[in-house]
Amino acid sequence: MNTNVRISLPAVCFVWQIAMVILFGVFIRYDEESDVKLWLRFKQEHNITSDIDNDFYFRYPSFQDVHVMIFVGFGFLMTFLKRYSFGGVGFNFLIASFGLQWALLMQGWFHSLDLETGKISIGVESLINADFCCAGSLIAFGALLGKVSPVQLMVVTLFGITLFAVEEFIILSLLHCRDAGGSMVIHAFGGYYGLAISWVLYRPNLHLSKRLNGSVYHSDVFAMIGTLFLWMFWPSFNSAITDHGDGQHRAAINTYIALASCVLTTVAISSMSQKKGKLDMVHIQNATLAGGVAMGTAAEFMITPYGSLIVGFCCGIISTFGYLFPFLERALKLQDTCGVHNLHAVPGMLGGFIGAIVAAAATEEVYGREGLIRVFDFTGSFANRSVGTQGGFQAAGTCVSIAFGLVGGVIVGFILRFPIWGDPADDNCYDDEVYWEVNEKQKKHFYHCRLTFQISDINEFLSLSGSRG
Amino acid sequence: MNTNVRISLPAVCFVWQIAMVILFGVFIRYDEESDVKLWLRFKQEHNITSDIDNDFYFRYPSFQDVHVMIFVGFGFLMTFLKRYSFGGVGFNFLIASFGLQWALLMQGWFHSLDLETGKISIGVESLINADFCCAGSLIAFGALLGKVSPVQLMVVTLFGITLFAVEEFIILSLLHCRDAGGSMVIHAFGGYYGLAISWVLYRPNLHLSKRLNGSVYHSDVFAMIGTLFLWMFWPSFNSAITDHGDGQHRAAINTYIALASCVLTTVAISSMSQKKGKLDMVHIQNATLAGGVAMGTAAEFMITPYGSLIVGFCCGIISTFGYLFPFLERALKLQDTCGVHNLHAVPGMLGGFIGAIVAAAATEEVYGREGLIRVFDFTGSFANRSVGTQGGFQAAGTCVSIAFGLVGGVIVGFILRFPIWGDPADDNCYDDEVYWEVNEKQKKHFYHCRLTFQISDINEFLSLSGSRG
Amino acid sequence: MNTNVRISLPAVCFVWQIAMVILFGVFIRYDEESDVKLWLRFKQEHNITSDIDNDFYFRYPSFQDVHVMIFVGFGFLMTFLKRYSFGGVGFNFLIASFGLQWALLMQGWFHSLDLETGKISIGVESLINADFCCAGSLIAFGALLGKVSPVQLMVVTLFGITLFAVEEFIILSLLHCRDAGGSMVIHAFGGYYGLAISWVLYRPNLHLSKRLNGSVYHSDVFAMIGTLFLWMFWPSFNSAITDHGDGQHRAAINTYIALASCVLTTVAISSMSQKKGKLDMVHIQNATLAGGVAMGTAAEFMITPYGSLIVGFCCGIISTFGYLFPFLERALKLQDTCGVHNLHAVPGMLGGFIGAIVAAAATEEVYGREGLIRVFDFTGSFANRSVGTQGGFQAAGTCVSIAFGLVGGVIVGFILRFPIWGDPADDNCYDDEVYWEVNEKQKKHFYHCRLTFQISDINEFLSLSGSRG
């Protein structure tokens, strides 16, 4: 196969980046909290005396945490392969950087286009949403890791962001669901999107690259950087765009608690699954995060601290079992490099349904009348919606996100099967040398090390060379 | 020795996690700044017009920094051993995740239990305190690194958190000490707790694992990730729960300054100690942090910027000397893997006494009358306490924390000597293979590399094989 | 050459640190937002009801991001060399810790010395500025990496901070330029300062260390930690000290957008430059950051989102071309280890001129009258300055910063040529063993690995040993 991307990759980067410049020029403007003229007017009109009331101070710390999750969290989580660390962290960097620009546009058209002026106003909340939007495509990347070319990843991202913006509009605006941390719109969608693509791109001879589909000691430590930054900042992820005040506060607490409990059940199942009770790094790196995924919808609700603990408890178990019994791979002939089915798709789907249940169970006694309106945004044309109805719509929203992921993924998968994208041969997957300059000496060292695996101890070795002599 | 933890580890994780779910269900509720109904009422009652006055916006950025210190800081600092990086970062992850849940309960019972309703209210400050509480046990882990099983670590944490909550109650509530960054309650306690356990668990034949008790080049670089995140975020650690406004501001400045000065004296002593003036990574990784430990109590006081510089100056020297002359190991037969005596115990104790001196030296001229009340919380039944008395109580508090650490550690140490915990044999310490699945090929590569250390150059090697032939 | 720094390094550290203690004692005090007495009075005088109006809450999250950039960002970016990772991250730690203390003093004398009391007041903004000031010297370190001793680096920092404070005073105070993110005062100055030093210290026989002037697989992954933390937190760098409210908000948005676009053009040029379209880690690690450098001046202006995209677009191309065609090295005999010419000097200079153009193009229509005054600080003796004049001064400021860098660098370079500083021999550069204790076994392993590069496969090897036999 021809893996030369010297024309296609620069072409895609340049054409799309130029398109971004033009579209930003036509559409994107600062919003009233980041434009100097508008902010001064806004302060005057709303009798605001202190700049601290600018949304920047409510959301910027959370934005930076989310930003770290997208670039270091997702990026380093994907460095676990012994010879695909450059690709893991580097391609993640590339597609997230493209994706967030396209997301600002797509989400802007759907959510904040001023029909009078034809302009999109952006502020710090738009940046957070753009990062969120990228997360869907980065999750899909996890299922495809090592098996596709960077050009294909750019295509996955272009369509992924587009599909995301549409399903998000349907779920959040039309169905009026609440999904601040994106269990549905980010994780369930992104997971199934990636899985559907991977299913279409099934490689029957992938075992030819088996030697590279695994970790070495230090690549597993690198991956823990990703795991921990995702784990630590997940409370910021789930609270970044929730209501000011109690909303952000509560979402952070709930996510913090759910994640802590998830770690313990992950360790328990991981240890039980092995003859001598040894832990498996794959589980620790991934399943410990499932609690955060599953709290994406319910974190801002009054799920109660022990409710959060229970969610984390169950998701740690379910996700670890997913890694232990990769039935998808066998039953569906689906190759899922990072196990996004266990980490994102299933916990995301569960998170959607948990959100539905918690919403339906909301009472005026717990939330107060004003509180119900505040949390579920029962205003405007939704002023008369009951919590039961809201629960039903939340469940429907989850199904919509899965449907978008599956159908969109299959279509994109078929697009990616055209033989023009420079994807690697079956015996060349999971290898950085296909798309990265790797130092010549390193290569020799690496092959030498593989070579020496054959020789188990020095006596055998010397007797062998001796007998030759 | 039987290091199989397949039953004990899952059992401990499940039983304790289920206990957490039940206890959280009975006791833990959102506080008035994270509960939607209570926050709306609170705003109304206190005439608060902006959600920015929610404590979330005062403390959340600091909370996230502290969270990074606990999981990435402590975790990666302990990856320095050549073959115990999984254990260092992974067990840290496990015990901190359990510890923070138990801490929310223990600290809640002592500090924020509403006696009328029987409930504990939690908010962002509770999360910071729970992370702090874990730090004590993680410090103890540093002394035990590589020599205990994960089940033992869970026991260390269970008792560590419990002892912490009690000594903290005595020191902060009964003695009315100030200790925002925890020189006394976290570092002195945690350090002596770990050392006492390690003393009881003394292994006379630990030299059998000597080959693994050291670093390799890249494991030292990994450890620098931990060092730097601890060092950078220490100003947040010491300011996270201090007074709003000037209190947080001043604590951050003082800690920043002390840490900077600590780096220079650490480098100076490290260089002086070696024949050719070469630096030792162990000192740079650890002693540079001693200034932050020693500012834990005094950071919120008016210690003045040059006072902070002097504290950092002295602690860098003292801590580095501790690493150069590990007299404890020889004199007391005490094995301290990470040198917590030099990094936490001694600087923590010094920090307690520095705090006592600075408190006793406080004057109305510097603080103002209102300022003295604000900084030392001379309200209620402590309204008439003088700064001299306060200094005395601060010193007494330091002694209490050390006593709790030593006595508690000895008791826990004896509990850990029961032969049921699956701890490693003397020739099997510092080795991830005991509790972690490690890829087979990696093992061979590793042994091969050790093997080749014997062969100093190719000529000798070829002549050897030649003579055999 | 004698590389023993056992006397000089501790001497420099101790003498300078003691000087810092004395000077801090004489000059440095808390400002009115971090001193308890002054803050209580300030609140009363200004009718401030909430502590949230303390500058701490406007700037501390950004400060911590900047702090991470200085220590982890710069530090890990310089771990890319195969055997100089300790030096990269460790010396960065040392000189930044010294530099920030000296910066607090130098910047204090120039900007916040109270002539009545003779005291300098510091607060969180001073800490950010001190970190910024260090950045100049750390950039210079990048050009010198591996070729100088730690004592020389301390000298580079001492003079670097001093020169910085003077040029900053001229540019910001006398010329009244705006340069919140430091395109001019930090990047152009720091870049040319380092390059001029490196030019004076030219080593004709540096090729003797060629074997060590390169990366290995995992050192490249470590460097990506530095790259990503710089990239992610650059919006905080450029917005940390801009105006409260819209100023910080806008600067963060502009930088975020410019950096995203920079990644795509870097990838495009990197791929185009290689026969098979493979990417080069050097470009990804460095040129992706050029967009942030170039936005240092203009980020706070109303450059518009698409203007930011264009800046990133162009700088990604220019910077990557710089790495592809290192004409400086050939034409000027200048050795620039990290390529700071391409990453800091040129993009910084461009950033200065971009700032000048955007300033000159400012209109009352876009900014509003009040907005123009707010953004360009047209108050006091500058109340009547026009935007055109401002643009001219911005351009002049850029030239001043470059001149300071070049002239200062040449002078410091000649000071560093005295044969007393313990710098490494030409065949000993880029090697941690000169200044760091490196485990003996590791050394052998390392040489063994280099040795085995000679042997391309086992057959050849066995036949060789066989023939000997």
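Counted over the stretch B:272-420 with a bin width of 5 Å, the fraction of Cα pairs per bin, in whole percents, is 2, 9, 15, 16, 16, 13, 10, 8, 6, 3, 1, 0, 0. Using the alpha carbons alone, the radius of gyration of the stretch A:246-347 stands to its Kirkwood radius in an Rg to Rh ratio of 1.03.
Taking all Cα-Cα distances within the stretch B:125-204, those exceeding 19 Å account for 34%.
When N is the residue count of chain A, what does its C-alpha Rg come to as a fraction of 2.2 N^0.38 Å?
Working: Rg = 23.7 Å, N = 469, 2.2 N^0.38 = 22.8 Å.
Relative to the 2.2 N^0.38 Å estimate, chain A comes out at 1.04.
Total lysine pairs in the stretch A:7-430 at Cα distances under 17 Å, for residues eight or more apart or on different chains: 6. Using a ≥ b ≥ c from the Cα gyration tensor of the protein assembly as shown (square roots of the eigenvalues), is it rounded, prolate or oblate, where a/c under 1.5 gives rounded and otherwise the larger of a/b and b/c decides, a/b for prolate? Cα axes put the protein assembly as shown in the rounded bin. Across the stretch B:347-357, coupling constants 3J(HN,Hα) worked out from phi with the 6.51/-1.76/1.60 Karplus curve, θ = phi - 60°, read x, x, 4, 4, x, x, 6, 4, x, 4, 5 Hz, and Gly and Pro carry x. Under the rule a/c < 1.5 gives rounded, and otherwise a/b versus b/c splits prolate from oblate, where does the stretch A:1-82 land using the Cα gyration tensor? Oblate, since a/c reaches 1.5 and b/c is not below a/b. Over chain B, DSSP H runs of length four or greater, each weighted -39,500 (n - 2.57), average out per residue to a 222 nm ellipticity of -20500 deg cm²/dmol. FRET efficiency for the B:Asn439 to B:Gln274 pair, using the beta carbon distance and R₀ = 51 Å, is estimated at 0.90. Rounded to the nearest 10 square angstrom, B:Glu329 shows an accessible area of 90 square angstrom against a 1.4 Å probe. What the phi angles of the stretch B:16-29 give under the Karplus curve with 6.51, -1.76 and 1.60, with θ = phi - 60°, is a coupling list of 5, 5, 5, 4, 4, 4, 5, 5, 4, x, 6, 10, 8, 10 Hz, glycine and proline written as x. Surface listing: C:His67, B:His111, C:His341 arranged by accessible area from highest to lowest gives B:His111, C:His341, C:His67, probe 1.4 Å. Measuring nothing but how far apart in sequence close Cα pairs (under 8 Å, 6+ apart) lie, relative to its length, chain B scores a relative contact order of 22 percent. Averaged over peptide A:83-93, the number of partner chain Cβ atoms lying within 10 Å of each residue's Cβ comes to 4.
Over the whole of A:273-286, what's the average partner chain Cβ count within 10 Å per residue? Rounded to a whole number, please. Each step should come with its number before you reach the end.
Details: counts 3, 4, 2, 9, 13, 12, 12, 2, 7, 1, 1, 6, 1, 0.
Per residue, the average neighbour count from other chains is 5.
Can you work out D for the stretch B:192-285 in µm² s⁻¹ from Stokes-Einstein, where Rh is the Kirkwood radius over C-alpha pairs, the temperature is 10 °C and the viscosity is 1.306 mPa s?
On the way: Rh = 16.5 Å.
D, rounded to a whole number, is 96 µm²/s.
The alpha carbon centroids of the stretch C:98-114 and the stretch C:159-237 are separated by 20 Å. The H on the amide N of B:Lys119, modeled in the peptide plane, is under 5 Å from the matching H of B:Asp114, each at least 5 residues off or on a different chain.
Extent of the stretch C:43-168 along its three principal axes (Cα atoms, max minus min coordinate, largest first): 58, 30, 18 Å.
Between B:Trp109 and C:Leu208, the FRET efficiency from the beta-carbon distance, with R0 = 56 Å, is close to 0.25. Between this copy and the others, label points of B:Gly380 are 4.8, 4.8 nm apart in ascending order, each placed 7 angstrom from Cα in the Cβ direction.
The mean number of Cβ atoms from other chains found within 10 Å of a Cβ in peptide A:363-373 is 3, as a whole number. Put a dot 7 Å past the Cα of C:Ile22, heading toward its Cβ, do the same for A:Asp427, and the two dots end up 7.3 nm apart.
Hey, with R₀ at 22 Å, roughly what FRET efficiency would C:Ile357 and C:Thr379 work out to, going by the Cβ-Cβ distance, to 0.05? Walk me through the numbers on the way to the answer.
Values: r = 23 Å, r/R0 = 1.05.
It comes to 0.40.
Here the stretch C:34-53 and the stretch B:70-87 have alpha carbon centers that stand 43 Å from each other.
What fraction of the DSSP beta bridges in the protein assembly as shown is antiparallel, stated in percent and rounded to the nearest 5?
Details: 6 of 18 bridges.
Antiparallel: roughly 35 percent of the beta bridges in the protein assembly as shown.
The values are calculated or read from the model by the stated rules, or taken from the named source; none is laboratory data. In this text, all values refer to a predicted model and were calculated from it rather than measured experimentally. Note that each Cβ is placed from the backbone with ideal geometry, even for glycine, and that neighbours are counted across all protein chains shown. Calculation scope for accessible area: heavy atoms of the full protein, side chains included, ligands and nucleic acids excluded. Shrake-Rupley method; radii C 1.70, N 1.55, O 1.52, S 1.80 Å.
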